[in-house]
């Protein structure tokens with residue numbers, strides 16, 4: 001599961017809802033296309049961070 005709290009949570013929760021519904025792995029979340037520049041890039045960064053490959057944090 002996932003929790004997103006904040007003023008723009010509705011802009012990124014869909015990515016995690018799709019990942020949860022399809023039982024994506026962290027690697028699959030990372031491989032998904034994340035629009036730039038958007039808040040949804042935070043999901044990709046979190047996935048990379050969990051694998052020790054973070055770029056921007």
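The values are calculated or read from the model by the stated rules, or taken from the named source; none is laboratory data. It should be emphasised that the depicted structure is a prediction, and the values quoted were computed from it without experimental measurement. Note that we place each Cβ from the backbone using ideal geometry, even for glycine, and neighbour counts take in every protein chain shown.
Descriptive notes on the structure:
- Selection from region 28-48 of residues that are surrounded by 11 or more Cβ atoms within 10 Å (Cβ to Cβ) and either touching a residue at least 24 places away in the same chain (Cβ under 8 Å) or assigned to a loop (DSSP other than H, G, I, E, B) (or both): 32, 34, 38, 39, 40, 42, 43
- Within region 1-16, tally of residues that are loosely packed, with under 11 Cβ neighbours inside 10 Å, touching a helix residue (DSSP H, G or I) at 6+ places or on another chain (Cβ under 7 Å) and at pLDDT 90 or above: 0
- In region 1-18, the residues that are without any contact (Cβ under 8 Å) to a residue 40 or more places away in the chain form Cβ pairs under 7 Å with partners that are exposed (fewer than 14 other Cβ atoms within 10 Å of the Cβ) and outside any helix (DSSP H, G or I), at six or more places apart or across chains, as follows: 16/2.
- Residue within region 17-24 that is surrounded by 12 or more Cβ atoms within 10 Å (Cβ to Cβ), outside any loop (DSSP other than H, G, I, E, B) and in contact with a helix residue (DSSP H, G or I) (Cβ under 9 Å, 6 or more places away or on another chain) present: yes
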